[in-house]
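The values are calculated or read from the model by the stated rules, or taken from the named source; none is laboratory data. Remember, it's a predicted structure, so these values are computed and weren't measured experimentally. For neighbour counting, all protein chains shown are included, and Cβ atoms are generated from backbone atoms with ideal geometry for every residue, glycine included.
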Amino acid sequence: MTLDRIAHHKLAAVGIAILFLFLACALFAPFLAPHDPAQLNLSARLLPPSAAHWFGTDELGRDVLSRTIYGARVSLIVAVAVVSLSLALGLLLGSLAGFYGGITDTVVNVYLTNAFLALPGILLAVAFVAFLGPSLTNLILALALAGWVNYARLVRAQVMAMKEREFVQAARSLGASDLRLMLRHILPNIVQPLIVQAAVGMAAAVLAEATLSFLGLGVQPPTPTWGAMLNDARSHLFESPYLVFFPAAAVALCVLSFNFVGDGLRDFLDPRTRVREGL
């Protein structure tokens, strides 16, 4: 997006600004966090927000602000990794199904995708992590395994429509190989909806990571995550509500910012919207 178009999409601009804030927290957490997020101080447990601890302290005396800043690392790593793996797998299988059709399309679209869609994605991820054990790697693999179907169906539909276009048929008649048709003529023309889907998928990945961490199936302590912080705060909800508020606000803002960026990308990349808005 150019600067004038970003300014036109105010919500997208807000989303980008919030994402840059979270990215800065993730990259520069050791410099931004005022305390060690894993340092215990039982004499300072459950302190309310103050000048010494802006977000207060938890039940073990750990600084909530520092843990919230470090929690951005896990959420963004999971979001990027999950979407990358899901998109790669969905792009491969969806392209094969849409381009070749026939038995390939039947296996991918009828059997594989329907089998994965038969189970809720979060339930599949829970079962996968519970079987292999909680860790960052297993969490990413579980969420990617549960999320590739949406990309595959989107790619399949786009490829099926694009392969019938005149310029693709002309390239085929000139002797272009299947690989060249896919890489040079089809994939570059279906990247726009994939970008929008990826932005929305990152929001879903952040929310899913927080859910699994809340259930104790995410990254294990002492690594701070927003979902684990919410789980730790359950028993202190009424006497120390700030323990819930700050990590919950971080999750909500991160998810909302990805959705804002996704909406902005959709409007920016849709030529019909640009014509209506005079962009």
In segment 126-169, which residues are surrounded by 15 or more Cβ atoms within 10 Å (Cβ to Cβ), among the hydrophobic types (A, V, I, L, M, F, W, C) and over 22 Å from the mean Cα position of the chain (by Cα)?
-> A157, V159, M160, M162, V168
Kindly establish whether L85 is closer than 29 Å to F238 by Cα, modelled with pLDDT of 90 or more and outside any loop (DSSP other than H, G, I, E, B).
-> no
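Looking at V107, is it out of contact with any Pro (no Cβ under 6 Å at 6 or more places or on another chain), part of a helix (DSSP H, G or I) and touching a residue at least 24 places away in the same chain (Cβ under 8 Å)?
no
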Report yes if some residue within segment 229-236 is within 17 Å of A146 (Cβ to Cβ) and either in contact with a helix residue (DSSP H, G or I) (Cβ under 7 Å, 6 or more places away or on another chain) or at pLDDT 90 or above (or both); otherwise report no.
-> no
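Matching residues to (1) surrounded by 15 or more Cβ atoms within 10 Å (Cβ to Cβ); (2) hydrophobic (A, V, I, L, M, F, W, C); (3) in contact with a His (Cβ under 9 Å, 6 or more places away or on another chain); (4) without any contact (Cβ under 8 Å) to a residue 40 or more places away in the chain:
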position: F22; (1), (2), (3), (4): yes, yes, no, no
position: L27; (1), (2), (3), (4): no, yes, no, yes
position: P34; (1), (2), (3), (4): no, no, yes, yes
position: L40; (1), (2), (3), (4): no, yes, no, yes
position: L91; (1), (2), (3), (4): yes, yes, no, no
position: S95; (1), (2), (3), (4): yes, no, no, no
position: I103; (1), (2), (3), (4): no, yes, no, yes
Apart from one, (1) free of Cβ contacts under 8 Å to residues at least 60 places away in the same chain; (2) in a helix (DSSP H, G or I); (3) over 30 Å from T223 (Cα atoms); (4) not aromatic (F, W, Y) all hold for E164; the odd one out is (2)
Can you tell which of F99, F55 is in a loop (DSSP other than H, G, I, E, B), buried (at least 19 other Cβ atoms within 10 Å of the Cβ) and touching a residue at least 60 places away in the same chain (Cβ under 8 Å)?
-> F55
Quick one: S240 ticks every box in (1) part of a helix (DSSP H, G or I); (2) more than 21 Å from S84 (Cα to Cα); (3) in contact with a helix residue (DSSP H, G or I) (Cβ under 8 Å, 6 or more places away or on another chain) except a single one, so which number is it?
-> (1)
Members of segment 179-192 that are touching a residue at least 60 places away in the same chain (Cβ under 8 Å) and either surrounded by fewer than 18 Cβ atoms within 10 Å (Cβ to Cβ) or touching a strand residue (DSSP E or B) at 6+ places or on another chain (Cβ under 7 Å) (or both) | L187, Q192
